[in-house]
Amino acid sequence: MELKCTRYDDVLAISITGELDAENVEHLLDLFEKEENSGTTRFVLELGGLEYIDSSGLGAFVKHLKSTRNSGGDLKLSALSPEVAKVLELTRLDQVFDIQENCEAACERFHAVS
């Protein structure tokens, strides 16, 4: 798994490529914690390059979604790979997350509701 961060004003976009599973999910959780501790409350996960996600990866997404919403922020998903889209659909998490076509659209959604 590779994580690449890009900041758009007050939104942190995290591009995740490769595989997100129990072996490497701690890297993502550590990044979430570090950013939350520094005051970031708006996140976009760009998932176009994510080829595989297991239940620990999904759990990390849900945990961070709850945490950011409790802090007055949110977590949006964008550019889903077909594999990730299928997993989110099967688990019905596509009904929980705000999913946008691309990062720009997700960032615009933050600013449309602020």
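The values are calculated or read from the model by the stated rules, or taken from the named source; none is laboratory data. As the structure is a prediction and not an experimental result, all values here were calculated from the model. Every residue, glycine among them, receives a Cβ derived from its backbone with ideal geometry; neighbour counts consider all protein chains shown.
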**Study point:** Positions within region 24-55 being among the β-branched types (Val, Ile, Thr) and under 15 Å from ALA85 (Cα atoms), in sequence order
**Key:** ILE53
Review point. Applying the selection to region 94-112, what residues are touching an Asp or Glu at 6+ places or on another chain (Cβ under 7 Å) and under 8 Å from SER78 (Cβ atoms)?
Key: CYS103
Check your understanding: Do we find that LEU65 is in contact with a strand residue (DSSP E or B) (Cβ under 7 Å, 6 or more places away or on another chain), part of a loop (DSSP other than H, G, I, E, B), surrounded by 13 or more Cβ atoms within 10 Å (Cβ to Cβ) and modelled with pLDDT of 95 or more in this structure?
Key -> no
Exercise for review: Return the only residue of GLY39, GLY48, GLY72, GLY59 being within 12 Å of the chain's Cα centre (by Cα), surrounded by fewer than 19 Cβ atoms within 10 Å (Cβ to Cβ) and part of a loop (DSSP other than H, G, I, E, B).
Suggested key: GLY48
Practice item. Report, ordered by the first and then the second residue, all pairs with beta carbons closer than 6 Å, sequence separation of six or more or different chains, a first member in region 1-14 that is free of Cβ contacts under 8 Å to residues at least 12 places away in the same chain and outside any strand (DSSP E or B), and a second member that is surrounded by 19 or more Cβ atoms within 10 Å (Cβ to Cβ) and of a type in the set (Gly, Ala, Ser). Key: none
Point to revise | Hits in region 61-114 (condition: among the acidic types (Asp, Glu) and in contact (Cβ under 8 Å) with a residue 12 or more places away in the chain) | key: ASP74, GLU83, ASP98, GLU101
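Select from region 44-57 the residues that are without any contact (Cβ under 8 Å) to a residue 60 or more places away in the chain and touching a strand residue (DSSP E or B) at 6+ places or on another chain (Cβ under 9 Å) and list them in ascending order.
LEU45, GLU46, LEU47, GLY48, GLY49, LEU50, GLU51, TYR52, ILE53, ASP54, SER56, GLY57 - these are the residues of region 44-57 that are without any contact (Cβ under 8 Å) to a residue 60 or more places away in the chain and touching a strand residue (DSSP E or B) at 6+ places or on another chain (Cβ under 9 Å).
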